[in-house]
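S.K.: Can you keep this structure in mind? I'll have questions shortly.
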Amino acid sequence: MEAFNKIQELLSEINGAEPTDKEQLETFRIRFLGTKNIIKPLFGEMKSVPNDRKKEYGQALNGLKQAAEEKFNARKEALEASTDEAAYKDMDLSLPAAPIQQGSRHPISIVMNRMIDIFEKIGFVVAEEREIEDDWHNFTAMNTPADHPARDMQDTFYLKDSTTNLLRTHTSSVQARVMTTQKPPIRIIAPGRVYRNETISARSHCQFHQIEGLYIDKDVSFADMKQTLLYFAREMYGPDTDIRLRPSYFPFTEPSAEMDVWLGTDTPATKKLTKGTGWLEVLGCGMVDPNVLKNCDIDPEEYTGYAFGIGIERTAMQNFNISDIRLLFENDVRFLKQFSAVI
Ligand code: DAH
């Protein structure tokens with residue numbers, strides 16, 4: 001019978017095969033064990049085998065398949081053993097192992113984590129939100145409507161073909177996200193990345209980091225804000241640190257202020273950092289504008305609150321004596337590994 005003959009023929013081919021390298025072994029595998037292998041069709045021949053020989057045929061076919069598998073496994077093992085040997089033959093076992101590179105924390109993360117710890121200690125909870133925002137949360141809800149001149153303050157990256165979706169220009173957008181989904185009392189900090197269409201230079205970048213703070217409850221006062229920020233400054237810059245609040249303007253707070261910390265002018269470094277004044281500008285803050293509360297369906301007659309926004313890069317740069325902001329985003333390991341000891 002032809003089918004029986006074919007089995008015999010293939011069996012002797014398998015027995016005689018000696019694949020000696022990876023390629024030959026792969027050719028063998030494809031021919032006898034691959035998804036379209038040559039043995040498969042022979043199973044289909046079963047129907048043309050006379051009944052009294054079906055059993056014999058089935059056994060012969062299974063034997064053939066098994067022979068192919070055994071040959072393949074044996075040759076594979078032998079081949080691997082011989083390549084291993086060849087690889088070790090020229091190996092210098094006295095050479096030191098390749099060093100395992102230890103990771104280190106990015107200076108931005110170090111500063112951000114420190115600030116988060118400080119606020120968490122007094123009950124603030126981290127709120128993380130999206131970096132791609134709509135203009136309602138980023139601007140409109142924050143009391144910056146479409147025709148408001150303050151929109152010019154920030155040059156914004158809009159998403160392609162969109163006049164509403166943008167990369168958030170500040171973490172203040174998280175205020176709107178939280179206030180529209182949670183009921184007061186609210187006490188959150190929102191660390192994250194923000195984007196502005198600015199020319200990249202040693203001092204400014206089109207992406208940077210902020211931490212937003214928001215506190216909404218009954219009877220929250222400017223004095224509460226000042227005390228919280230003083231606590232923050234003393235934890236961050238030392239127990240004797242003084243602060244000052246300068247009147248300022250932000251659309252989403254009224255009144256608004258900027259906070260400086262006193263670093264003094266004793267050393268050349270602090271002199272340079274503070275441009276000779278002794279004061280370093282650290283954050284923007286203010287009482288949440290009643291319009292912002294209204295936009296987010298919180299009754300300004302019942303609730304008040306304060307908010308603040310801290311820029312991270314400047315603090316990181318001054319902390320680690322980094323003179324060019326671009327270094328923070330290049331992720332050159334030679335730069336980054338310098339900060340491993342400071343965690
Ligand atoms: N969003 C402001 C900025 O990016 C920073 C800021 C100022 C945030 C005052 C605040 C605030 O929450 O009250 O420049």
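The values are calculated or read from the model by the stated rules, or taken from the named source; none is laboratory data. Quantities reported herein were computed from a predicted structural model and do not represent experimental measurements. Cβ atoms come from the backbone with ideal geometry, glycine included; neighbour counts cover every protein chain shown. For the accessible areas, the whole protein counts, side chains as well, though only heavy atoms, and no ligand, DNA or RNA atoms are used. Shrake-Rupley method; radii C 1.70, N 1.55, O 1.52, S 1.80 Å.
S.K.: In the P(r) worked out for segment 1-51, what percent of Cα pairs fall beyond 18 Å?
M.R.: On the way: 486 of 1275 pairs.
That fraction is 38 percent.
S.K.: Treating the chain as a set of equal point scatterers at the Cα positions, no solvent, please give the Debye-formula log₁₀ I(q)/I(0) at q = 0.06, 0.10, 0.15 Å⁻¹.
M.R.: Cα-only, vacuum Debye calculation for the chain: -0.47, -0.68, -1.28.
S.K.: Taking only C-alpha pairs under 8 Å that are 6+ residues apart, what is the relative contact order of segment 158-250 in percent? List each step's numbers first, then the result.
M.R.: Working: 93 pairs, mean separation 20.2, N = 93.
This gives 22 percent for segment 158-250.
S.K.: What is the distance, in nm, between label points placed 7 Å from the Cα along the Cα-to-Cβ direction at Asp155 and at Ile132?
M.R.: Here the modelled spin labels are 2.4 nm apart.
S.K.: Another question about this same structure. Just how far, in whole angstrom, is segment 250-266 from segment 23-74 if you go by their alpha carbon centroids?
M.R.: The distance from the Cα centre of segment 23-74 to that of segment 250-266 comes to 82 Å.
S.K.: On to the next question. Amide H of Val194 versus every other amide H placed in the peptide plane: which residues, excluding those fewer than 5 positions away on the same chain, fall under 5 Å?
M.R.: Residues meeting the criterion, in which the H sits 1.01 Å from N, are Phe208, His209, Gln210.
S.K.: Next up: Going by average Cβ density within 10 Å per residue, which order do the peptides 17-24, 85-92 take, highest to lowest? Please list the in-between numbers first.
M.R.: On the way: 17-24: 12.8, 85-92: 7.8.
Going from most to least packed, we get 17-24, 85-92.
S.K.: Quick one: how many Å² of Thr181 are accessible to a 1.4 Å probe, rounded to 10?
M.R.: 110 Å²
S.K.: I would also like to ask the following. So for segment 3-116, averaging the separation of alpha carbon pairs under 8 Å that are six or more residues apart and normalising by length, what relative contact order in percent results? Write out the running numbers ahead of the final one.
M.R.: Details: 48 pairs, mean separation 35.4, N = 114.
This gives 31 percent for segment 3-116.
S.K.: Among 326-332, 63-69, how do they line up by average Cβ neighbours within 10 Å per residue, starting with the highest? Display every interim value, and only then the final one.
M.R.: Numbers: 326-332: 13.0, 63-69: 16.3.
Order by mean packing, descending: 63-69, 326-332.
S.K.: Here is a follow-up. Which value, in Å² rounded to 10, gives the accessible area of Arg244 with a 1.4 Å probe and all protein chains present?
M.R.: Roll a 1.4 Å probe over it and Arg244 shows about 90 Å².
S.K.: Under 10 °C and 1.306 mPa s, how fast does segment 75-227 diffuse according to Stokes-Einstein, given a Kirkwood radius computed over C-alpha pairs? Answer in µm²/s, whole number.
M.R.: Working: Rh = 19.7 Å.
Diffusion coefficient, whole number: 80 µm²/s.
S.K.: If you rank Ser248, Ser323 by how much accessible surface each has, with a 1.4 Å probe, what is the order from largest down? Let's see the in-between values first.
M.R.: Values: Ser248 40, Ser323 90 Å².
Descending accessible area places them as Ser323, Ser248.
S.K.: Hey, got a sec? Which GluC sites (Glu not before Pro) in segment 99-153 land in a DSSP loop and have at most 16 other Cβ atoms within 10 Å?
M.R.: Values: sites: Glu120, Glu128, Glu129, Glu131, Glu133; in loops: Glu128, Glu129, Glu131.
Passing both the DSSP loop test and the Cβ count: Glu128, Glu131.
S.K.: Which links in Lys22/Lys55; Lys6/Lys54; Lys36/Lys76; Lys40/Lys71 stretch past 25 Å when you go from one Cα to the other? It would help to have the intermediate numbers written out before the result.
M.R.: Details: Lys22/Lys55 36 Å; Lys6/Lys54 15 Å; Lys36/Lys76 20 Å; Lys40/Lys71 17 Å.
Over 25 Å Cα-Cα: Lys22/Lys55.
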